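Each remark here refers to the structure printed beneath this line.
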Amino acid sequence: MKHSIFTVLILISHVSAGSAQSGGLPDWLKHMTLKGYGTVTYSSFDWQTDSEKRDQADLEKLVLYPGWQLTENLSVLAEIEFEHGGTGSTMEFDKLEEFGEFEQEIEKGGEVVLEQLNIRYWFSPELILTAGWMKIPVGLASTHDEPHEYFTVSPSESESALIPVNWYEGGVGISGRYGFLSYTGMIVTGLDGTGFSSANWIRGGYQKRFETVTAENPAFFLRLDALLTGESVTGISVYRGNTTGNRPKPDLKTDAVVTLTEFHTSQEWENWIFRGMVLYGTLSHADLVTKANKNLSNNLNVKRTPVASAALSWSAEAGYNLLPLFSRTEAHQLFLFGKTEFYDSMYEVTGIVSDNPRFERTTHTAGVHYLYLPGISLKAQYSDRTLGLSSLNREKTVSLGLGFEFE
């Protein structure tokens, strides 16, 4: 708190000094932009799989996007995310110890992360060069991440269960638009297979737990979108990268290549919004990754559970804005929505790995999403998740959400 107060005081002093000298804001502040959003959630559970699971309230996140327009064609973008009230947590690998030790420090629950920091140069609308730390826009959840852009209380369950949804890597990329077609291509740092698991497949391979990211094996990403009318979009993306070289120790001699392919669509028609997504991913030599992960240090804080050779997820949702039936104002929107999701983090297995039906999950969700424009979202939903088990397989949840946005 003291550091925050000092930061505000310093900012005020800079603004005051600039105002005194030039009659206005200092140049660095004139070229700065700031936008952001935040979400707060509450959930009540009735789970057969965990009958004692207690209700939860979560100060989910506050995300800030400071940016600077350095020249007409050159800009800098950063993203700072405060999750679950803030944190201090790092892990590092000390190879100078006799067997190599993983050291972790945790100050309090939550997380404060500088998610992205990159520089962008506009050659033309058809070609934009980006370098630094940037978002990997796989699927819909990564591009529809602000509260007004998704119906449910939290972003896509079927995507966030399998892959990093708030996924940022270091590297270089190009993007642009030709008519109705937009593209994004990247060469970025890759995943670490020690974090792969039964329940969440490759999601834990996102190298957030270390102070630095191992960059022995890069990954490649391509996304193509057709922007036909208004806010409607249909596209595909592909991600591919070897993960073996990014493990903290050289304990796996075989390539373990992750390949993701996903198709997405978001269509708006009069008062209707339809969205759908299909994601299929494979991991080569998943049985050898499983074997190597069993021998990992307890201090690494990973699951060490069997890893599937393939995962599958899909979702479909529709929402209808009820308010135009009663009022012509566009300042309010009230969507009644329904969503169905399927995801299996052990869709295909190989070698010593056995399929576990508990990780085949189907969720049906219904709810309302009220928007007071600009910037306020109120949500309420009921979801019923069924696991692939033969009994005691239902997880029912009632959730409420509050979101805000500004720019």
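The values are calculated or read from the model by the stated rules, or taken from the named source; none is laboratory data. Everything numeric here is computed off the predicted structure, so don't read it as measured data. Glycine gets a Cβ as well: all are built from the backbone with ideal geometry, and neighbour counts include every protein chain shown.
For the reader, a short list of remarks on this structure follows.
- For Glu231, the stated conditions hold: it is in a loop (DSSP other than H, G, I, E, B), acidic (Asp, Glu) and assigned by TED's automatic domain parsing to the domain that holds Thr365.
- All told, Ser399 falls short of being touching a residue at least 24 places away in the same chain (Cβ under 8 Å), in contact with a Phe, Trp or Tyr (Cβ under 6 Å, 6 or more places away or on another chain) and surrounded by 16 or more Cβ atoms within 10 Å (Cβ to Cβ).
- Pair list, Cβ under 6 Å, 6 or more apart: segment 141-153 residue assigned by TED's automatic domain parsing to the domain that holds Ser399, other residue part of a loop (DSSP other than H, G, I, E, B) and modelled with pLDDT of 95 or more: Thr143/Pro137; His144/Tyr150
- Check on Gly132, more than 15 Å from Glu262 (Cα to Cα) and either at pLDDT below 95 or assigned by TED's automatic domain parsing to the domain that holds Ser345 (or both): yes
- Test: residue in segment 350-359 that is under 24 Å from Glu149 (Cβ atoms), in the same structural domain as Thr282 (by TED's automatic domain parsing) and not in a helix (DSSP H, G or I): no
- Residue match in segment 206-219 (condition: assigned by TED's automatic domain parsing to the domain that holds Trp314 and under 16 Å from Val138 (Cα atoms)): yes
- Qualifying residue in segment 204-222 (condition: out of contact with any helix residue (DSSP H, G or I) (no Cβ under 8 Å at 6 or more places or on another chain), over 24 Å from Gly170 (Cα atoms), touching a residue at least 24 places away in the same chain (Cβ under 8 Å) and of a type outside the set (D, E, K, R)): no
- Looking across segment 334-357, the residues that are at pLDDT below 95 and in contact with a strand residue (DSSP E or B) (Cβ under 6 Å, 6 or more places away or on another chain) come down to Asp355, Asn356.
- You will find that of Thr282, Thr261, the residue that is within 22 Å of the chain's Cα centre (by Cα), assigned to a strand (DSSP E or B) and under 30 Å from Arg177 (Cβ atoms) is Thr261 and no other.
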